[in-house]
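The values are calculated or read from the model by the stated rules, or taken from the named source; none is laboratory data. Remember, it's a predicted structure, so these values are computed and weren't measured experimentally. Because the Cβ atoms are built from the backbone with ideal geometry, glycine has one as well, and the counts that use them run over all protein chains shown.
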Amino acid sequence: MKTPIYFDYSATTPVDPRVAEKICSCLTADGVFGNPASRSHQFGWDADAAVEQARKDVAALVNADPREIVWTSGATESDNLAIKGVAHFYQKKGKHIITCKTEHKAVLDSCRQLEREGFEVTYLTPEPNGLIDLDKLKAAFREDTILVSIMHVNNEIGVIQDIKAIGELTREHKIIFHVDAAQSAGKTPIDLQDMKVDLMSFSAHKIYGPKGIGALYVRRKPRIRLEAQMHGGGHERGMRSGTLATHQIVGMGEAFRLAKEEMVADNERIRMLRDRLLAGVKDIEEVYINGDMDHRVPHNLNISFNFVEGESLIMALKDLAVSSGSACTSSSLEPSYVLRALGRNDELAHSSLRFSIGRFTTEEEIDFAIEKIRANIDKLRDLSPLWEMFKDGIDLNSIKWAAH
Amino acid sequence: MAYSDKVIDHYENPRNVGNMDKDDSKVGTGMVGAPACGDVMRLQIKVNDEGVIEDAKFKTYGCGSAIASSSLLTEWVKGKSLEEASQIKNSEIAEELELPPVKIHCSVLAEDAIKAAINDYKGKQG
């Protein structure tokens, strides 16, 4: 077993070797290197055929029409294109947008930008389990609401929103519905014939494809219009100009094709590993699971170890590549905004770790992780004045702390 | 974030972890920081009749740099007079541990902790 062990599949995944092989076949002189927009020779035709096959493979995973798939540079660009593109196109109809506090920054910051342009945004607070109360969503609808943007699976806590139910509501009220599916494609079933979603963002690198490529699903019936954010040669039916990156697109297509074939078996194995990890740590005192356990992808486990600070735990778990809900490792010292939105107190938000499991995780790695976690929680709690106070029966909320 | 070898050493082998009787008149206790901010440091010193710190203990909830800063501080204050200990500057701790700018607040907290412990001790002497 090689350390450090990768438990950060929600951040990114390694490219599947079968995908890498496909990518490599689209780079060199003896491969499919042509510009898919070249209509006048075989090189262009071959590249175009490869891109269109990939488009079919991506569409097939989510039961969409290939003509509804627009290539982008990733889910961040897809989110930007969907939200700003809709807002700019439909602003005469209204200037109100609804989203949720636990969305990815690509959605939240696109909304912030629109606020600066004069749009109004409602940020829904999720329930303590991370899920959105549909009645609260409905109550936020206004006459001038043009767009609702809700992610399918949350990147930090892995909870699955009821996209189908939300789609019924938005369609009924003639509001456009965008879904960030970066964390859900290939992890939980998506059927766009069944779900009344108008726009959906995808990323390749979360499901064993390459970084730097994504897609936006744009519904044809009823037709959704967008104002392009990237202008140029009119590629992708004018919605996103720029020469298509054949090798990356082919990689994304293959990754989505494999996901369709292997998702059920992959998920079953990953769920078994996640449950094994959970079983190995849940009897530790003062451990809290963040996010609903029933409506959740099997890949994710987000746990708070009370009275242990997340960054020091990550340092102790140097053999495990995990991420902290506390953003101390970045330049900001704020705890996770997602956990705060669930109403978790600062201590628990500061004490959280996200384990994300994937296609290449093994049982041996899970057992190793459990052993490391248990030993280091003990060690850090021995060092923690808060743990000592808790053990002495002191209510930490009764103490007047000097915030700094 | 890459930690210096000194931070890692203090983090993996923290010195003087523990507690003393906070009601003992010879013991000064300083607790600084807040759980909401992600770090709480508790530093205790035991002062002899000559006004010299003869022992120091700490417990810290916080990142590796916070743990290392308080561990280092306990080593430094032992054998110092209260006057000398109160002169310890956060910049000296930060320099010794090679803390990056984003972690300077950990050394500030350590300086606050020794000052608070000294004040607590002095308050007890009436």
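Does the stretch A:261-268 contain at least one residue that is touching a Ser or Thr at 6+ places or on another chain (Cβ under 6 Å) and either modelled with pLDDT of 95 or more or assigned to a strand (DSSP E or B) (or both)?
Within the stretch A:261-268 (the criterion being touching a Ser or Thr at 6+ places or on another chain (Cβ under 6 Å) and either modelled with pLDDT of 95 or more or assigned to a strand (DSSP E or B) (or both)), the answer is no, since none of the residues qualifies.
For (1) of a type in the set (D, E, K, R); (2) surrounded by fewer than 21 Cβ atoms within 10 Å (Cβ to Cβ); (3) within 21 Å of A:D48 (Cβ to Cβ), each residue gets a yes or a no:
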residue	(1), (2), (3)
A:P189	no, yes, no
A:Q193	no, yes, no
A:V197	no, no, no
A:I207	no, no, no
A:I213	no, no, yes
A:R223	yes, yes, no
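Kindly indicate whether B:T74 is modelled with pLDDT of 95 or more, facing chain A (nearest Cβ under 8 Å) and touching a Leu at 6+ places or on another chain (Cβ under 8 Å).
Criteria not met by B:T74.
When B:D39 is evaluated against the numbered criteria (1) crowded, with 19+ Cβ neighbours inside 10 Å; (2) among the charged types (D, E, K, R); (3) away from chain A (no Cβ under 12 Å), which criterion, by number, is the only one it fails?
(3)
Just give me the residues in the stretch A:285-307 being more than 19 Å from A:I157 (Cβ to Cβ) and touching a residue at least 40 places away in the same chain (Cβ under 8 Å), in sequence order.
A:F307
What are the residues in the stretch A:363-404 that are among the aromatic types (F, W, Y), within 11 Å of another protein chain (Cβ to nearest Cβ) and touching a strand residue (DSSP E or B) at 6+ places or on another chain (Cβ under 8 Å), if any?
Of everything in the stretch A:363-404, those that are among the aromatic types (F, W, Y), within 11 Å of another protein chain (Cβ to nearest Cβ) and touching a strand residue (DSSP E or B) at 6+ places or on another chain (Cβ under 8 Å) turn out to be A:W387, A:W401.
So, of the residues in the stretch B:98-122 that are in contact with a helix residue (DSSP H, G or I) (Cβ under 6 Å, 6 or more places away or on another chain) and within 14 Å of another protein chain (Cβ to nearest Cβ), which turns out to be nearest to B:S81 (Cα to Cα)?
Among residues in the stretch B:98-122 that are in contact with a helix residue (DSSP H, G or I) (Cβ under 6 Å, 6 or more places away or on another chain) and within 14 Å of another protein chain (Cβ to nearest Cβ), the one nearest to B:S81 (Cα to Cα) is B:E111.
Any residue that is over 22 Å from A:E388 (Cβ atoms), in a loop (DSSP other than H, G, I, E, B) and modelled with pLDDT under 95 - is there at least one of those in the stretch B:100-120?
Within the stretch B:100-120, one or more residues are over 22 Å from A:E388 (Cβ atoms), in a loop (DSSP other than H, G, I, E, B) and modelled with pLDDT under 95.
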